[in-house]
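Visitor: Okay, handing you the structure first.
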Amino acid sequence: MRLSSTLLPRRVLVPFVAAVALLTAGASATAGAAEACGSIITAPLAPPVSADDPCPSTDPVVCRIRVLPMDQKVEAQRTRIRYHQLLEDMHRTEADMRAAGASEEEIARELVDMRNQAKEITRAGMTPDEVRILEERNIAKYGNPLGPTADQLYAKYGSWEKVTDASMRTSYAVDRELSLEYRPCPV
């Protein structure tokens, strides 16, 4: 009798402790992976400022975000998160193309096209005024409402590898204004 009363708690306790250990390890690994990449919300969104307040940024997009009403700012943040998800698709495409033996030029051209498609997809959820501001900036800077072409980026950077890198960058200033940080996920 004494032996069985000693074993009973042990028979229950060992599996219980093992289960807790496995669940804790899995949960912390999942939480760590979720925090490590993609769109990371870094802080609450800042309240809107008056349109009369001077904008500290030279980026008109950042200046526009600063004055948006809070509901529109929240939607802009959601839109930016969707854009970051599209960038993740680009990272996977790059890895797949490299694995298939595509050239640096082929990869760069595909990713520039994907980025421009991502901009079109993202802008579909914006107001016409927001789209106009983005397109005006890009037309003034690149002569194209969606931004630079692969050839323009090649002329600027001088290598297809750098074009690939540039095509998958995100605006730090815009991300920061929307209380986001983008960290590419491992492929």
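The values are calculated or read from the model by the stated rules, or taken from the named source; none is laboratory data. What you see is a predicted model; the values in this text were computed from it and never measured. Protein only, heavy atoms only, side chains kept; ligands, DNA and RNA dropped before computing areas. Shrake-Rupley method; radii C 1.70, N 1.55, O 1.52, S 1.80 Å.
Visitor: Once a ≥ b ≥ c are taken as the square roots of the eigenvalues of the Cα gyration tensor of segment 140-187, is the result rounded (a/c under 1.5), prolate (a/b larger than b/c) or oblate (a/b not larger than b/c)?
Guide: Since a/c reaches 1.5 but b/c is at least a/b, the shape of segment 140-187 is classed as oblate.
Visitor: Ignoring ligands, DNA and RNA, how do 139, 65 rank by accessible area with a 1.4 Å probe, largest first?
Guide: Accessible-area ranking of 139, 65, largest first: 139, 65.
Visitor: Which shape class, rounded, prolate or oblate, goes with segment 27-142 when its Cα gyration tensor gives a ≥ b ≥ c as root eigenvalues, a/c under 1.5 marks rounded, and past that a/b bigger than b/c marks prolate?
Guide: Since a/c reaches 1.5 but b/c is at least a/b, the shape of segment 27-142 is classed as oblate.
Visitor: Distance between Cα centroids, segment 122-147 to segment 58-84: provide it in whole Å.
Guide: 14
Visitor: Another question, if that's okay. Going by a ≥ b ≥ c, the root eigenvalues of the Cα gyration tensor, does segment 89-148 fall in the rounded group (a/c under 1.5), the prolate group (a/b larger than b/c) or the oblate group?
Guide: It is oblate, given that a/c is not under 1.5 and a/b is not larger than b/c.
Visitor: With every protein chain present, what accessible area does residue 123 have (1.4 Å probe, heavy atoms only), rounded to the nearest 10 Å²?
Guide: 30
Visitor: Would you rank 61, 67 by solvent-accessible area, highest first, keeping every protein chain in place and using a 1.4 Å probe?
Guide: 67, 61
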